[in-house]
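Report on one structure; see the data block that follows.
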Ligand code: NAP
Ligand code: ZN
């Protein structure tokens with residue numbers, strides 16, 4: 001089915017309107033009329049080929065909320081009219097040890113991304129949520145339990161929400177834990193909300209003095225402007241866990257120094273240029289770790305959506321029209337996002 005979309009034809013071309021084809025639903029497929037799609041920094045990295053290997057045309061978008069408009073014969077979990085979500089994955093092998101453990105994001109043969117992933121559909125790679133419609137295998141579709149008026153602000157949970165929720169859960173964040181969230185953008189602002197809801201003592205790290213008051217309102221107990229060395233050193237050796245969401249290369253030693261013995265710095269930001277190598281002594285002398293974490297599995301994404309619905313958590317968003325995506329990217333590059341842009345897909349029509 002011919003579908004309107006926004007995407008780029010090359011790394012140096014702007015995101016612009018195009019038409020794409022969506023397959024007719026197979027027996028296990030769900031066809032979704034998209035209502036809202038969040039704008040993740042990964043969309044920008046990928047559409048401009050900052051990570052290399054982007055396939056064109058590239059239609060980004062992996063924070064999708066929409067309404068089911070058709071289902072295949074074998075689909076029992078979803079019906080026409082249901083409000084559903086799709087995140088960063090639309091398929092995986094579903095038979096390797098990682099998939100068996102519900103960790104499809106670590107699929108041993110590689111998960112299929114919502115965009116830029118391999119598919120039999122034209123043009124040979126997946127096309128994402130900056131589009132009016134998408135067709136996805138039922139096993140990769142999530143149920144959305146939030147109220148209908150909140151749906152635009154639910155969309156960012158599908159990536160920013162799960163990418164921060166999963167490491168917070170994996171490293172057992174809860175009461176009595178002192179947690180740092182570094183970078184207050186799309187991911188970071190969700191990290192603050194989620195760590196706060198899990199009962200942790202939350203310290204937000206920002207390079208933007210202007211975000212101080214906002215970070216407290218989001219649920220931080222303290223805010224550190226990371227350019228201010230005195231504020232940083234006052235917290236040396238005190239954190240159980242720090243989640244780094246920064247989208248640019250920076251000095252990690254300034255953060256590992258703040259960890260307690262056995263503390264962990266987990267990186268989720270994927271900058272275009274590498275971080276300077278961390279100082280090993282900083283790790284050895286207090287048995288500190290640096291780790292990474294990738295989105296979250298399907299079952300955990302459903303758990304996160306249910307957790308957010310139960311705790312009244314959504315993203316703080318600025319709604320944009322599809323023809324404002326490039327402007328949104330430029331603002332994102334200036335850390336001028338409060339705190340996630342979401343495309344109103346109705347603006348494409
Ligand atoms: P974002 O909205 O642009 O937020 C990034 C934040 O980093 C900024 O708001 C800013 O916060 C801080 N920052 C500090 N110095 C910066 C600089 N020189 N340039 C840009 N930002 C700077 O991005 P996002 O959508 O949250 O994504 C963050 C990163 O996570 C991206 O690299 C993205 O690709 C990656 N990501 C990873 C996963 C995963 O599974 N691991 C999933 C999704 C996204 P302050 O103003 O507070 O300093
Ligand atoms: Zn994302």
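We did not get these values from a lab; they are worked out from the coordinates using the rules stated. Everything numeric here is computed off the predicted structure, so don't read it as measured data. No Cβ is skipped: glycine too gets one built from the backbone with ideal geometry, and neighbour counts run over all protein chains shown.
So what does the Cα-only Debye profile of segment 77-131 read at q = 0.15, 0.17 Å⁻¹, as log10 I(q)/I(0), no solvent term? Scattering profile of segment 77-131, log10 relative to I(0): -0.51, -0.64.
Please give the calculated 222 nm ellipticity per residue for the chain, where each DSSP H segment of at least 4 residues contributes -39500 (n - 2.57) and the sum is spread over every residue; nearest 500 deg cm²/dmol?
Values: 11 runs with 82 residues, N = 349.
That calculation yields -6000 deg cm²/dmol at 222 nm.
Between residue 96 and residue 10, the modelled labels are 3.4 nm apart [label points 7 Å from Cα along Cα→Cβ].
Highest mean packing comes first when the peptides 247-254, 12-19, 44-51 are listed by Cβ atoms within 10 Å, giving 44-51, 247-254, 12-19.
Counting DSSP beta bridges in the chain, what percent are antiparallel, to the nearest 5? Each step should come with its number before you reach the end.
Values: 33 of 59 bridges.
Roughly 55 percent of the DSSP beta bridges within the chain come out antiparallel.
When only alpha carbons are used to place a centre, segment 289-340 and segment 20-54 end up 15 Å from one another.
Taking every alpha-carbon pair in the chain and binning the separations at 20 Å intervals from zero gives 32, 58, 10, 0 percent. For segment 60-165, place one equal point scatterer on every Cα, skip the solvent, and apply the Debye formula. What is log10 of I(q)/I(0) at q = 0.11 Å⁻¹? Ignoring solvent entirely, the Cα scatterers give -0.34.
Equivalent-ellipsoid semi-axes for segment 161-292 (Cα gyration tensor, √(5λ), whole Å, largest first): 20, 16, 15.
Rounded to the nearest 10 degrees, the angle from helix 160-170 to the longest Cα principal axis of the chain is 50 degrees.
Sorting the Cα pairs of segment 191-249 by distance into bins of 10 Å, from 0 upward, gives 22, 56, 22, 0 percent per bin. Using only the alpha-carbon atoms, how far is helix 298-311 inclined from the longest principal axis of the chain? Give it as 0 to 90 degrees, nearest 10. That works out to roughly 70 degrees. Eigenvalues of the alpha-carbon gyration tensor of segment 296-339, scaled by 5 and square-rooted, set the equivalent ellipsoid semi-axes at 28, 12, 10 angstrom, largest first. Extension gain, residue 237-residue 176: 0.36 nm per intervening residue step, less the Cα-Cα distance, totals 20.4 nm.
Shape verdict for segment 1-64, please, from the Cα gyration tensor: rounded (a/c under 1.5), prolate (a/b greater than b/c) or oblate. Before the final figure, lay out the partial values.
Values: a/c = 1.97, a/b = 1.72, b/c = 1.15.
Taking the square roots of the gyration eigenvalues as a ≥ b ≥ c, segment 1-64 is prolate.
Between the alpha-carbon centres of segment 152-200 and segment 100-131 there is a gap of 24 Å.
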